[in-house]
């Protein structure tokens, strides 16, 4: 399975709406929008799983810069292989991947 990161989500975006977008490229194995434990608001990013790396890479090429929800352009990136969303490893990804996303897409894009 391939972990796929979606960033810049507006708080009004639901899993159902995001799923309907992602399914246009291929079978979505799983979708998870992390939520704050105290407020229950989502954190502004989501993780999805596609079955193949090719599908995930195609989604990045297709969706990048084109998908806008609630006046926010979503950001897409393929990050790494994982076994399943149902493992404790996901907690590590919830912390590290958004940081990697930030450094790669925000800081490096500002350097250009």
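The values are calculated or read from the model by the stated rules, or taken from the named source; none is laboratory data. Just so we're clear, the structure is a prediction, and the values are computed from it rather than from any experiment. When we count neighbours, we look across all protein chains shown, and the Cβ atoms used for this are built from the backbone with ideal geometry, even at glycine.
In the set (1) under 14 Å from the mean Cα position of the chain (by Cα); (2) at pLDDT 50 or above; (3) within 23 Å of residue 17 (Cα to Cα), residue 71 fails one condition alone, (1). Do we find a residue being part of a loop (DSSP other than H, G, I, E, B) and either at pLDDT 90 or above or surrounded by 11 or more Cβ atoms within 10 Å (Cβ to Cβ) (or both) anywhere in the range 45-63? The answer is yes; a qualifying residue exists.
The lone criterion from (1) over 17 Å from residue 9 (Cβ atoms); (2) assigned to a loop (DSSP other than H, G, I, E, B); (3) out of contact with any helix residue (DSSP H, G or I) (no Cβ under 8 Å at 6 or more places or on another chain) left unmet by residue 40 is number (1). Of all the listed residues (31, 5), the sole one being in a strand (DSSP E or B), at pLDDT below 90, surrounded by 17 or more Cβ atoms within 10 Å (Cβ to Cβ) and in contact with a helix residue (DSSP H, G or I) (Cβ under 7 Å, 6 or more places away or on another chain) is 5.
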